[in-house]
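Below is one structure; the comments refer to it alone.
The values are calculated or read from the model by the stated rules, or taken from the named source; none is laboratory data. Everything numeric here is computed off the predicted structure, so don't read it as measured data. Here the Cβ positions follow ideal geometry from the backbone for every residue, glycine too, while neighbour counts run over all protein chains shown. Surface areas here come from the heavy atoms of the whole protein model, side chains and all, with no ligands, DNA or RNA. Shrake-Rupley method; radii C 1.70, N 1.55, O 1.52, S 1.80 Å.
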Amino acid sequence: MTAMERITPTDAASLVDTERGTVSRRLYVDEDLFELEMERIFTRTWVFIGLESEIPEPGDYVTRNMGTDPVIMVRDNDGKIGVFHNSCPHRGVMICQADQGHVKGFVCAYHGWSYHLDGSHAGAFHPEEFYRGGVPFDELGLHKVAQIDTYAGLVFATWNKELGPLIETITESSRWYLDLLLGRTPEGMEVLGPPQRWTAEQNWKIGGINFCGDGPHAPTLHSVIGPQIGESTEQFMAAMLGESPDVTISSGQNMLLNLLPGKETPFIGYPPDLVKLFKETLNADQINLLGRMMTNVCTLFPHLSLVQAPVRFSENEPPVNFLTLRVWQPVSATRTEVWNWFLVEKEASEEYKEAALKAGLRSFSAGGTFDQDDAEGWSATSRGLQGPIGRSLNLSFQTVVGWRDEVWEDFPGPGKTSPNMYTEMTEFEYLTEWKRWMGGEK
Amino acid sequence: MSVRPETALKAGGQPVSDAAYRQISELLFHEASLLSRHEYSTWLTLLAPDISYRMPLQTFQHRNQRRDYGKDPAWLDENYDSLKIRAEQLNNAASNSEAIPSFMRYFVTNILIEESENGFSVSSQVLLIRVRSNNPTPFFLSAQRSDLWIDSGNQLLLSDRAIHLDMPHIDSPTLAFFM
């Protein structure tokens, strides 16, 4: 009996109580649910694969995962990006076992079957007569995803032929906000190197939910490091206590903004030449918001998160903004591999690029001072839910009950904006999106 | 970067005196002892004010398909001020990462030393065993370190350290320690 048969859509939907704001703790530890998530979510949604700037030349490839299925992202000789299941159609051996590389075509190491960069079958090692005409080589190219699309240099793919184009998921409303991070200069962002990869002892959704807008954990879990590396303790606290909305930017896509009070100098941590480019690229409302943005964290369902903030690790240096992009790569119900990239404006000076990378490494990364605090909290969640009693209980997102009708009406941006970062609304919206995909609504 | 140095030192370099070899070896053992006991305030006194402390990031690559991208990708890229902030965070009970201190043991071996202009180039191999409260299974991390220790007049100070890990994908949720 498969997980699909053991857990019906109705069963799955019952685990998230949207009225009461409670969620079954099974979502963090149950292996059957995990198996079902791989099928119902990761084979059906748009899944982030990587960045166009990771494979600039034809023949460049990187290896990634869609859920638990390994894939190759490659640029072909026409400059087009392809995403293929990373296993030979002959006997299933992984075609690319390295993290990244450059090839003229793909050759399976086992029996020598080969493939063009566009995934089509190129040849077999042995002469044709050896196969006696029985092997339909034309049909045995690398297994392709159903659709590929990009936004702001980010490559997404899906196995789902029926799914609408990416603009229906990362909508115009989403892009209004995401452009503040990814599309704020004419040339956009570039990746600063291959992703860091490390293993966390937690369910893949925990980090994603946190990055939707877990405002309340910042002044507690990060009470030591937070004020120390911000512009100042006063500004950190002002941003924490000030106008810091939770925003549902589209279905399943959520963001928390820490905004500086209006009297503070805008654009903390950006060099003037970049600010000039922001003003040429974004509209007046976006510029006003970006200027006041102290921290921006967001998660695009199912497992892509971004975080941007100005930080400084020396009193003698000005704060610098970093931008981290990461996926919470599912491994099992209680193990996740975090893949972490750093991005910076293509137009930025070499000095600023280096400073932005260091700022990111020191805050949100495997060695990040913020991640260290989060990681132990999340590992402790897995430990706390090991037993049958733990699984039978609920997680509380009941703060939403008191906030769900409160909307920041005149907030200068699209989406649904809750008035502060303590509402838990965006985190719970992520779980409601999980319910839509797992419960059969999507 | 992805090409790992076999050793920081050239074969056939001028050997240092027995006394210097012993002094620097014991300095590395002393440092390992401080790190295993979380004595980070004292560890900071071993660092030069202009220290560069880097942990480069490596990737698995096929011999015939090698391609690097990004400028000097890293796990860590620190200076004195950022190391001091990290040390203070790790020592602060209000900070979650090491509120329950991990048990750590450092094994330092294969020490090669060469005299340089104002100090010593030192290559060593390190095995770290770490046990965190949230996971009783020991975590192993091995690395080669390439150091520059400079003579400040009254003591040797660590001025440059590159830590080449043997683990392109780290099987641990944090790097809340020094190597």
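Here are the numbers for the structure shown:
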{"read-out": "Residue identified as more than 8 Å from chain B (Cβ to nearest Cβ), outside any helix (DSSP H, G or I) and surrounded by fewer than 20 Cβ atoms within 10 Å (Cβ to Cβ) among A:401, A:407", "value": "A:407"}
{"read-out": "Criterion: closer than 26 Å to residue A:325 by Cβ and of a type in the set (S, T, N, Q) - qualifying residue of A:10, A:18, A:43", "value": "A:43"}
{"read-out": "Residue match in the stretch B:86-93 (condition: at the interface with another protein chain (Cβ under 8 Å from one of its Cβ atoms) and open to solvent by less than 20 Å² (accessible area, probe 1.4 Å))", "value": "yes"}
{"read-out": "Positions within the stretch A:347-358 being part of a helix (DSSP H, G or I), more than 10 Å from chain B (Cβ to nearest Cβ) and in contact (Cβ under 8 Å) with a residue 40 or more places away in the chain, in sequence order", "value": "A:352, A:356"}
{"read-out": "Residue within the stretch A:154-161 that is closer than 22 Å to residue A:325 by Cβ, open to solvent by 10 Å² or more (accessible area, probe 1.4 Å) and more than 14 Å from the chain's Cα centre (by Cα) present", "value": "no"}
{"read-out": "Residue, farthest from the other protein chains (Cβ to nearest Cβ), within the stretch B:163-174, restricted to residues that are open to solvent by less than 20 Å² (accessible area, probe 1.4 Å) and in contact with a Lys or Arg (Cβ under 9 Å, 6 or more places away or on another chain)", "value": "B:163"}
{"read-out": "Verdict on residue B:99 being within 14 Å of chain A (Cβ to nearest Cβ), closer than 21 Å to residue A:383 by Cβ and open to solvent by less than 50 Å² (accessible area, probe 1.4 Å)", "value": "yes"}
{"read-out": "Members of the stretch A:158-215 that are within 14 Å of chain B (Cβ to nearest Cβ), in contact with a Pro (Cβ under 8 Å, 6 or more places away or on another chain) and among the hydrophobic types (A, V, I, L, M, F, W, C)", "value": "A:192, A:198, A:200, A:204"}
{"read-out": "Exclusive hit being of a type outside the set (A, V, I, L, M) and free of Cβ contacts under 8 Å to residues at least 24 places away in the same chain, set A:439, A:367, A:415", "value": "A:367"}
{"read-out": "Per-region count, the stretch A:367-389, residues among the small types (Gly, Ala, Ser), in a helix (DSSP H, G or I) and farther than 30 Å from residue B:177 by Cβ", "value": "0"}
{"read-out": "Single match in B:80, B:69 (criterion: within 15 Å of the chain's Cα centre (by Cα) and either buried (at least 20 other Cβ atoms within 10 Å of the Cβ) or within 14 Å of chain A (Cβ to nearest Cβ) (or both))", "value": "B:80"}
{"read-out": "Residues of the stretch A:66-122 classified as within 13 Å of chain B (Cβ to nearest Cβ) and either without any contact (Cβ under 8 Å) to a residue 12 or more places away in the chain or open to solvent by 40 Å² or more (accessible area, probe 1.4 Å) (or both), total", "value": "6"}
{"read-out": "Helices (runs of 4 or more DSSP H) wholly inside the stretch A:187-233 containing at least 3 residues that are open to solvent by 20 Å² or more (accessible area, probe 1.4 Å) and in the same structural domain as residue A:370 (by TED's automatic domain parsing)", "value": "A:218-221"}
{"read-out": "Filtered residues of the stretch A:359-383 (kept if more than 18 Å from the chain's Cα centre (by Cα) and more than 7 Å from chain B (Cβ to nearest Cβ))", "value": "A:359, A:381, A:382"}
{"read-out": "Filter result for residue A:326 (closer than 30 Å to residue A:207 by Cα and buried (at least 22 other Cβ atoms within 10 Å of the Cβ))", "value": "yes"}
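Here's the yes/no breakdown for (1) modelled with pLDDT of 95 or more; (2) over 19 Å from residue A:154 (Cα atoms); (3) under 21 Å from the mean Cα position of the chain (by Cα):
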residue	(1), (2), (3)
A:35	yes, yes, yes
A:39	yes, yes, yes
A:45	yes, no, yes
A:50	yes, no, yes
A:56	yes, no, no
A:79	yes, no, no
A:104	yes, yes, no
A:123	no, yes, no
A:130	no, yes, no
